[in-house]
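Okay, so here's the structure we're looking at.
The values are calculated or read from the model by the stated rules, or taken from the named source; none is laboratory data. Quick caveat: nothing in here was measured; it's all calculated off a predicted structure. Counting neighbours? That spans all protein chains shown, and the Cβs are built from the backbone with ideal geometry, glycine included.
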Amino acid sequence: MPFRYAGIVKEFPTAPRDSFFVANAGYVAARTGSPAVGEFLINTDGTSPPVVGARLRAALGPAVGITDIVTSRRVIASTLTAVDLSGLTKVELSFALALAISATALLLTLGFVERRRTFALARMLGARPRQLGGFVWSEVLFTGVAGGVLGAATGWILSLMLVKVLTGVFDPPPAQLSVPWAYLGVVAALAALGLVIAALAAIRATRRSPLTVLREL
């Protein structure tokens, strides 16, 4: 049968290696003289697929190619595209959770601790604790909003890029992003809690006597 060669489709190195011929069924039947179907999908009705495959091989002989689903799954599971990423995802999400807490609460607290001298001098120049508290809350609000917006934008862009890359790896490719809203809500709540705790600790430190703070520094 004459076929027109269209070309080669190059996939990712870990993608399944298959060869396909696409042709009209009527054309193939006219050229071969037989409209018979070349492949059959058999329902085993609960019987083990390897057992059914063995019976069919014994009944039909070696000329018929028979592949059971268990063997196919074993072959597919041995490739990179079949790796279960759920464990790795949990590790990454846990690391992101710890990073969110440390980046918001710990770093902001250390920043306020380093500026104890600035707060003490402001108190000496007449600044009231309420004014220093407003300064602290303003910085916390700016840090939280800016960090949330930039983090969400960066994560969204990286996720789209990752899906674009994995489109050539997995067959079928990922259809859309999977957003763990519950996890993101927990991260946002813990990050906000860390910011509030850091702000309260900083405000409490600003109420100390400026002379005592300068003496300690």
* State whether the residues of segment 25-39 include one that is in contact with a Lys or Arg (Cβ under 9 Å, 6 or more places away or on another chain) and at pLDDT below 85. => no
* To do: Inspect segment 162-169 for any residue being assigned by TED's automatic domain parsing to the domain that holds residue 207, basic (Lys, Arg), part of a helix (DSSP H, G or I) and closer than 18 Å to residue 206 by Cα and give the result as yes or no.
  => no
* Could you please find all residues in segment 19-50 being more than 30 Å from residue 4 (Cα to Cα) and surrounded by 12 or more Cβ atoms within 10 Å (Cβ to Cβ)? => 42, 44, 49, 50
* Asked: What are the residues in segment 112-124 that are part of a helix (DSSP H, G or I) and either free of Cβ contacts under 8 Å to residues at least 60 places away in the same chain or not β-branched (Val, Ile, Thr) (or both), if any?
  -> 112, 114, 116, 117, 118, 119, 120, 121, 122, 123, 124
* Asked: Quick one: is residue 175 assigned to a helix (DSSP H, G or I) and assigned by TED's automatic domain parsing to the domain that holds residue 93?
  -> no
* Only one residue in 153, 127 is free of Cβ contacts under 8 Å to residues at least 40 places away in the same chain, touching a helix residue (DSSP H, G or I) at 6+ places or on another chain (Cβ under 9 Å) and not polar (S, T, N, Q), so which one is that? -> 127
* more than 21 Å from residue 92 (Cβ to Cβ), at pLDDT 75 or above, in contact with a Lys or Arg (Cβ under 6 Å, 6 or more places away or on another chain) and of a type outside the set (Lys, Arg) - does that describe any residue in segment 131-141? -> no
* Structure fact -> When residue 214 is run through (1) at pLDDT 80 or above; (2) aliphatic (A, V, I, L, M); (3) not in a loop (DSSP other than H, G, I, E, B), the failure sits at (1)
